[in-house]
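Participant: So that we are looking at the same thing, I have put the structure below in structure tokens.
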């Protein structure tokens, strides 16, 4: 009897050890995202739908609170992958770093922010901004530079025709506007819709539609990750492509449900409306590939904002090979 019990306990031990061994097989991956936004829906979908796990990855998403912070985390080896604006990669290259991070996939293809005013303006025109002030982000960041680009497209010179407030940290812009700073503010979703629903502001324009297509948010890894773990990079990009494809065919309600674990304070109806909005504005890429013409426009925007020290060759910063492989 004692021998039977001993064998039974041994069997249980082996089962549990086996289960533990299976769990440790998952590669732990830390992704540092520039901010938490519905704009990055395909990433959250990939986690919720279990795509990362199916590729052998256990993912932790850390919110950096700015592209500079996400880039710092990546360079400091505190993140395996960073989701941020490609302009940050341009800055690093122009600082003279030869072993700089590489873009392996693109997630969004236009600015995801909306312009909000203090009053409803059903007949809004960009001329309405003349003589007014806008909280527009920090110099060097894509939200700020894209806003400058759009203002100039509409004949408004920042600093002369309209004041662009640039000393408010990205994740504090909504709070500053609510506190009385600025006549207008640019906000991402779901914050923009929440502000409108709560009467704190009114959406008057879509910055992304005005700016045109630009590689707005991308995934970057360190060059040694590509050299030492190409299989990991391939698997990661496969996951992103799979999520991109799912988002294209899913309903707005399905996208909202998949995202909600990442936005526990936002109701499903709001998330569904936001998903519909970003789909309608064609904000999400359908594949991980970055196009060279879009990269050229990115540098045009940076140059117009006075933030481009020198043009960076497309091939120096972008590696589309993993995306091409995923699509095959």
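The values are calculated or read from the model by the stated rules, or taken from the named source; none is laboratory data. As the structure is a prediction and not an experimental result, all values here were calculated from the model. Cβ atoms come from the backbone with ideal geometry, glycine included; neighbour counts cover every protein chain shown.
Participant: Report, by residue number, each residue of region 183-203 that is in contact with a strand residue (DSSP E or B) (Cβ under 7 Å, 6 or more places away or on another chain) and either at pLDDT below 90 or surrounded by fewer than 22 Cβ atoms within 10 Å (Cβ to Cβ) (or both). Step through it out loud before you land on a result.
Facilitator: Initially, region 183-203 is screened for residues in contact with a strand residue (DSSP E or B) (Cβ under 7 Å, 6 or more places away or on another chain), giving 183-187, 192, 195-196, 201-203.
Residues satisfying the conditions are 183, 195, 196, 202, 203.
Participant: Another question, if that's okay. For region 49-60, what are the residues that are crowded, with 17+ Cβ neighbours inside 10 Å and touching a residue at least 60 places away in the same chain (Cβ under 8 Å)? Working first, answer last.
Facilitator: In the first step, residues of region 49-60 are kept if they are crowded, with 17+ Cβ neighbours inside 10 Å; the result is 49, 51-52, 55, 57, 59.
Result: 49, 51, 52, 55, 57.
Participant: Here is a follow-up. Within the set of pairs 6 or more residues apart or between chains, which connect a residue that is farther than 20 Å from residue 211 by Cα inside region 112-131 to a residue that is in a helix (DSSP H, G or I) with Cβ atoms less than 7 Å apart?
Facilitator: Correct list of pairs: 121/128.
Participant: Any chance region 170-184 includes a residue that's assigned by TED's automatic domain parsing to the domain that holds residue 73, out of contact with any helix residue (DSSP H, G or I) (no Cβ under 9 Å at 6 or more places or on another chain), over 28 Å from residue 303 (Cβ atoms) and part of a helix (DSSP H, G or I)? Spell out the reasoning first.
Facilitator: Filtering region 170-184 for residues assigned by TED's automatic domain parsing to the domain that holds residue 73 gives none.
There is no residue in region 170-184 that is assigned by TED's automatic domain parsing to the domain that holds residue 73, out of contact with any helix residue (DSSP H, G or I) (no Cβ under 9 Å at 6 or more places or on another chain), over 28 Å from residue 303 (Cβ atoms) and part of a helix (DSSP H, G or I).
Participant: Look at residue 269 and say whether it is more than 20 Å from the chain's Cα centre (by Cα) and either free of Cβ contacts under 8 Å to residues at least 60 places away in the same chain or not in a loop (DSSP other than H, G, I, E, B) (or both).
Facilitator: Values: more than 20 Å from the chain's Cα centre (by Cα): yes; either free of Cβ contacts under 8 Å to residues at least 60 places away in the same chain or not in a loop (DSSP other than H, G, I, E, B) (or both): yes.
When the stated conditions are applied, residue 269 passes them.
Participant: crowded, with 24+ Cβ neighbours inside 10 Å and either modelled with pLDDT under 95 or over 26 Å from residue 145 (Cα atoms) (or both) - does that describe any residue in region 13-36?
Facilitator: There is at least one residue in region 13-36 that is crowded, with 24+ Cβ neighbours inside 10 Å and either modelled with pLDDT under 95 or over 26 Å from residue 145 (Cα atoms) (or both).
Participant: Here is a follow-up. Looking at 256, 273, 280, which is the one that is at pLDDT 95 or above, out of contact with any strand residue (DSSP E or B) (no Cβ under 6 Å at 6 or more places or on another chain) and in the same structural domain as residue 105 (by TED's automatic domain parsing)?
Facilitator: Result: 256 is the single residue among 256, 273, 280 that is at pLDDT 95 or above, out of contact with any strand residue (DSSP E or B) (no Cβ under 6 Å at 6 or more places or on another chain) and in the same structural domain as residue 105 (by TED's automatic domain parsing).
Participant: Same structure, new question: Would you point out which residue out of 41, 82, 46 is part of a strand (DSSP E or B), touching a helix residue (DSSP H, G or I) at 6+ places or on another chain (Cβ under 7 Å) and surrounded by 24 or more Cβ atoms within 10 Å (Cβ to Cβ)? Reasoning before the result, please.
Facilitator: Values: 41 fails: part of a strand (DSSP E or B); 46 fails: part of a strand (DSSP E or B).
Only one candidate passes the filter, namely 82.
Participant: Let me ask you something else. Quick one: in region 278-322, of everything that is buried (at least 22 other Cβ atoms within 10 Å of the Cβ) and under 18 Å from residue 243 (Cβ atoms), which residue is farthest from the chain's Cα centre (by Cα)?
Facilitator: Taking the candidates together, the pick is 322.
Participant: Considering (1) in a helix (DSSP H, G or I); (2) modelled with pLDDT of 95 or more, say which one residue 312 fails and leave the rest.
Facilitator: The single condition residue 312 does not satisfy is (1).
Participant: Of all the residues that make up region 209-229, how many are touching a helix residue (DSSP H, G or I) at 6+ places or on another chain (Cβ under 8 Å), under 25 Å from residue 45 (Cα atoms) and part of a helix (DSSP H, G or I)?
Facilitator: Here the count works out to 2.
Participant: Sticking with this structure for a sec: For region 137-158, which residues satisfy the criterion of being at pLDDT below 95, in a loop (DSSP other than H, G, I, E, B) and on the phi < 0 side of the Ramachandran plot?
Facilitator: Within region 137-158, 138, 139, 141 qualify.
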